[in-house]
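**Q** Below is a structure I'd like to ask you about.
The values are calculated or read from the model by the stated rules, or taken from the named source; none is laboratory data. On a predicted model such as this, the values are computed, not experimentally measured, just so you know. For neighbour counting, all protein chains shown are included, and Cβ atoms are generated from backbone atoms with ideal geometry for every residue, glycine included.
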Amino acid sequence: MPKDNSIKSVLIVGSGPIIIGQACEFDYSGTQAARSLREEGIKVILINSNPATIMTDPMMADKVYLLPLTVESIEQILEENQIDAVLPTMGGQTALNLCKEVDELGIWNKFNCKLIGVDVEAINTAEDRDLFRQLMLKIGISVAPSHVANSFLEGKEHAQKIGFPLVIRSSFTLGGSGGGFVHNKEELDDALKNGLEASPIHEILVEKAVLGWKEYELELLRDKNDNVVIICTVENFDPMGVHTGDSITVAPAMTLSDTAFQNMRNQAILMMRSLGNFAGGCNVQFALNPETEELIAVEINPRVSRSSALASKATGYPIAKIAAKLAIGYTLDELKNQITQTTSAYFEPALDYVIVKIPRWNFDKFKGANDTLGLQMKSVGEVMAIGRSFTEAIQKACQSLENNAVGLGYYGKSMMKSDEIVEYIKTPKWDRIFRIKDALMQGVTVKTIAQATGIDKWFLFQIQKICTIEKELDKYTLEDIPTNLLKEAKTNGFSDEQIAKILSGNVTEEEVYEKRKALGITRVYKMVDTCAAEFEAKTPYFYSTFEG
């Protein structure tokens with residue numbers, strides 16, 4: 001079935017000011033959605049209180065309102081314009097909560113404006129911790145032992161029943177606001193108060209903490225005919241305990257067995273199909289027991305998210321653009337793959353490269369801020385790197401962080417002793433990956449680091465490979481370095497500056513560049529084409545690498 005021709009105008013709700021936990025990725029999604037709807041001849045009206053975004057550029061929509069994201073503003077816009085539908089899934093949690101509030105006051109009905117992409121029931125089910133838990137149990141998907149509380153005393157009672165360690169999660173919040181871990185009864189009172197205050201409906205979930213389990217996130221699209229595609233499977237480098245926005249993430253998932261992956265796919269599709277009236281993009285989070293591969297659902301977000309923006313860039317699949325078209329009635333099989341222009345959008349991208357995202361923090365700007373990472377997101381942005389291997393991608397990402405790192409390392413700076421490092425890395429902090437590398441350089445074993453951090457050994461062996469190459473480079477000067485070693489260093493993400501710092505003798509970055517150029521070790525460019533070169537790509541983009 002083609003699009004719903006009764007929809008002539010759509011209101012897109014933005015996410016407001018850029019704040020920690022809710023950042024520019026919604027601008028990216030809203031911009032894609034506005035373009036997508038205008039392509040269909042639909043008039044786009046946009047509300048967002050933030051003038052410092054591309055979304056609110058007058059070129060993006062037919063009419064832009066720079067108004068506070070309040071019920072009063074929505075009512076004003078509906079009075080001034082004939083609006084057929086509202087798309088709330090492009091503006092993060094702010095947009096979902098506002099559209100829900102407007103619906104409860106009967107304002108959408110009053111102006112004959114319908115919600116598209118998602119309905120209020122689906123928003124409630126996904127964001128209300130108790131309704132989500134009940135739905136999961138109903139469809140046979142495991143969740144961590146938990147109870148919902150609407151008061152301090154109720155929360156305390158549930159905590160005593162479940163036992164420590166606990167995690168407190170607030171309903172209807174974003175970026176983990178109000179959430180936190182509770183390891184003992186001394187921490188419980190403050191955690192309960194914070195969680196209840198952060199939730200707009202004064203509700204928390206008191207849940208058994210599955211600390212140390214592996215965390216995965218799946219990006220999905222669903223249309224009105226219940227067709228579902230999984231766009232990207234993302235694995236968190238850090239285990240459960242660090243908010244996914246503060247964790248280093250890797251796509252595709254690296255350490256899943258095929259049976260665990262298929263089980264996760266099936267459960268994600270079942271969860272998405274159980275959401276009721278929903279057509280668009282969505283992300284599902286899982287925790288996986290590394291010993292038994294037992295799987296539990298953590299949450300589902302019925303909207304595009306910061307990870308949707310990452311998945312779009314990682315795969316070349318424009319999630320927000322397709323989600324907007326699904327919201328107005330198209331089905332996945334009717335839409336074209338934007339990159340090949342020949343295959344349909346009803347396909348799952350294939351990746352023949354590795355993506356690494358590393359968050360960026362600005363703790364130095366916030367004096368006295370606690371730099372320990374936990375359930376509440378603290379990063380102010382992120383970098384994304386593409387490489388042919390994890391080692392190349394992680395080093396490229398580290399080079400982009402603008403924090404004086406030269407690849408995976410700070411050279412010429414004093415390092416802690418090995419026993420101090422092992423103690424230090426037990427607590428997740430912004431520099432943990434750099435300290436893990438320091439520990440491996442000093443001979444601390446992968447097993448010891450895995451026990452201290454809960455990070456999968458596969459990732460640690462990859463970092464150990466970087467250390468091995470670095471130790472080998474240290475034995476040579478620029479004059480006598482073997483060509484194959486220089487080539488190996490470049491294919492594993494070492495920058496010219498990094499190699500210059502490691503080699504013996506006083507070497508400059510320019511000299512390393514000239515040497516490798518003379519040896520024929522130069523960049524090649526590979527395509528991000530969504531389909532691992534199965535079909536010809538019309539609009540690909542490229543990344544550089546030193547592979548053949």
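**Q** Among the residues of region 211-228, are any over 26 Å from Thr94 (Cβ atoms), touching a helix residue (DSSP H, G or I) at 6+ places or on another chain (Cβ under 9 Å), in the same structural domain as Val284 (by TED's automatic domain parsing) and among the aliphatic types (A, V, I, L, M)?
**A** Among the residues of region 211-228, at least one is over 26 Å from Thr94 (Cβ atoms), touching a helix residue (DSSP H, G or I) at 6+ places or on another chain (Cβ under 9 Å), in the same structural domain as Val284 (by TED's automatic domain parsing) and among the aliphatic types (A, V, I, L, M), which makes the answer yes.
**Q** Given the conditions (1) touching a strand residue (DSSP E or B) at 6+ places or on another chain (Cβ under 7 Å); (2) of a type outside the set (Phe, Trp, Tyr); (3) buried (at least 17 other Cβ atoms within 10 Å of the Cβ), report the number of the one that Gly381 does not fulfil.
**A** It is condition (3) that Gly381 fails.
**Q** Mind telling me which of the residues Glu348, Glu299, Glu293 ends up being among the acidic types (Asp, Glu), assigned to a strand (DSSP E or B) and at pLDDT 85 or above?
**A** On inspection, the qualifying residue turns out to be Glu299.
**Q** Just checking: which of the strands (runs of 3 or more DSSP E) contained wholly in region 201-264 hold 1 or more residues that are β-branched (Val, Ile, Thr) and touching an Asp or Glu at 6+ places or on another chain (Cβ under 9 Å)?
**A** Counting at least 1 such residues, we get 204-208, 228-236, 249-251.
**Q** When you scan region 334-344, do you find a residue that is in the same structural domain as Gly276 (by TED's automatic domain parsing), surrounded by fewer than 24 Cβ atoms within 10 Å (Cβ to Cβ) and among the basic types (Lys, Arg), even just one?
**A** Looking through region 334-344, at least one residue is in the same structural domain as Gly276 (by TED's automatic domain parsing), surrounded by fewer than 24 Cβ atoms within 10 Å (Cβ to Cβ) and among the basic types (Lys, Arg).
**Q** Filter region 502-532 down to residues that are among the aliphatic types (A, V, I, L, M), in a helix (DSSP H, G or I) and over 22 Å from Ser389 (Cα atoms), then give me how many there are.
**A** So the count comes out to 2.
**Q** Right, next: Under 6 Å between Cβ atoms, which residue pairs at least 6 apart in sequence (or on different chains) link something in region 259-270 that is assigned by TED's automatic domain parsing to the domain that holds Val284 with a partner that is of a type outside the set (S, T, N, Q) and surrounded by fewer than 16 Cβ atoms within 10 Å (Cβ to Cβ)?
**A** Pairs that qualify, where the first residue is assigned by TED's automatic domain parsing to the domain that holds Val284 and the partner is of a type outside the set (S, T, N, Q) and surrounded by fewer than 16 Cβ atoms within 10 Å (Cβ to Cβ), are Ala260/Glu293; Leu270/Ile139.
**Q** Return the residues of region 357-381 that are in contact (Cβ under 8 Å) with a residue 40 or more places away in the chain and under 19 Å from Asn404 (Cα atoms); say none if nothing qualifies.
**A** Lys357, Ile358, Pro359, Arg360, Trp361, Phe363, Asp371, Ser379, Val380, Gly381
**Q** Looking at region 63-85, I want the residues that are in a helix (DSSP H, G or I) and have a partner that is acidic (Asp, Glu) with Cβ atoms under 8 Å, at least 6 apart or on another chain. Which pairs are those?
**A** Every condition considered, the pairs that remain are Val71/Glu101.
**Q** Right, here's the next one. Being under 19 Å from the mean Cα position of the chain (by Cα) and aromatic (Phe, Trp, Tyr) is the filter here, so list the residues in region 176-223 that pass it.
**A** Residues satisfying the conditions are Trp213, Tyr216.
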